[in-house]
Amino acid sequence: MSGRGELPTPEGILLRRWRPPDAPAVLRAFSSPEMARQAGRPVTTTAEALEWIAESEGERAAGRAYGWAVVREGVPLGHVAVSAVNRVHGTGWVSYWTVEEARGRGVALGGVRALARWAFDDLGLHRLELGHRTNNPASCAVAVRAGFAPEGIERQKLRYGDLRYDVERHARLAADDVNDG
């Protein structure tokens, strides 16, 4: 990571810390019904978007989670994060999302690949895990293409409203061959 808190990628995107001027991009992302459902809390006003950004920076300062805006041509198009960082075991949990218009354009894939390299190299983690609903094949494709091997199904792990969803867990190790690219 550069001293400016930015991480350029070979895919032509940039990972950088979220900033207050990004509040409109956060609002745009959470305006999607799917994102709003998964957010766990509303992000429907500029104040709530600014609070989301501040919480992301607070988690970073505490060393618990590291969220990045995924930016192409100066526009934040998504988010990648490693959270639940456990220094004792060298593990972390990866999550990602993109705005609707960025889906299928390599934004999530490039962001996850760069995040994994950074987590292994800069944070010194050994194992990264992630999970996606089994009814989300696009998220599965990102995980597999980013080098995260499927490990199994966690039955009814997530609940959104009254519905429960099975989750497929994936993991990637620092020693995996995919980490060279």
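What the table shows:
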| read-out | value |
| --- | --- |
| Among 19-32, 150-163, the order from most to least packed when residues are scored by Cβ within 10 Å on average | 19-32, 150-163 |
| Per-pair calculated FRET efficiency, R0 = 30 Å: Arg159 and Glu100 via Cβ, rounded to 0.05 | 0.80 |
| Ranked Tyr66, Tyr165, criterion: other C-beta atoms within 10 Å, fewest first | Tyr165, Tyr66 |
| Mean Cβ neighbour count within 10 Å, used as a protection proxy, ranking 78-88, 39-49, 109-119 highest first | 109-119, 78-88, 39-49 |
| Computed label-point distance, nm, for sites Ala61 and His89 using a 7 Å Cα→Cβ extension | 2.8 nm |
| Radius, Kirkwood style, for the stretch 3-161 when every pair of distinct Cα atoms is counted (Å) | 16.1 Å |
| Highest average packing first - 128-134, 169-175, Cβ atoms within 10 Å | 128-134, 169-175 |
| Separation of alpha-carbon centers, the stretch 88-103 and the stretch 118-181, rounded to whole Å | 9 Å |
| P(r) of the stretch 1-88 over all Cα-Cα pairs, binned every 5 Å from zero, in whole percent | 3, 14, 23, 25, 20, 11, 4, 1 |
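No lab work stands behind these numbers, since they all come straight from the coordinates. Computed from a predicted structure; not experimentally measured. With ideal geometry, Cβ positions are generated from the backbone for all residues, glycine too; neighbour counts draw on all protein chains shown.
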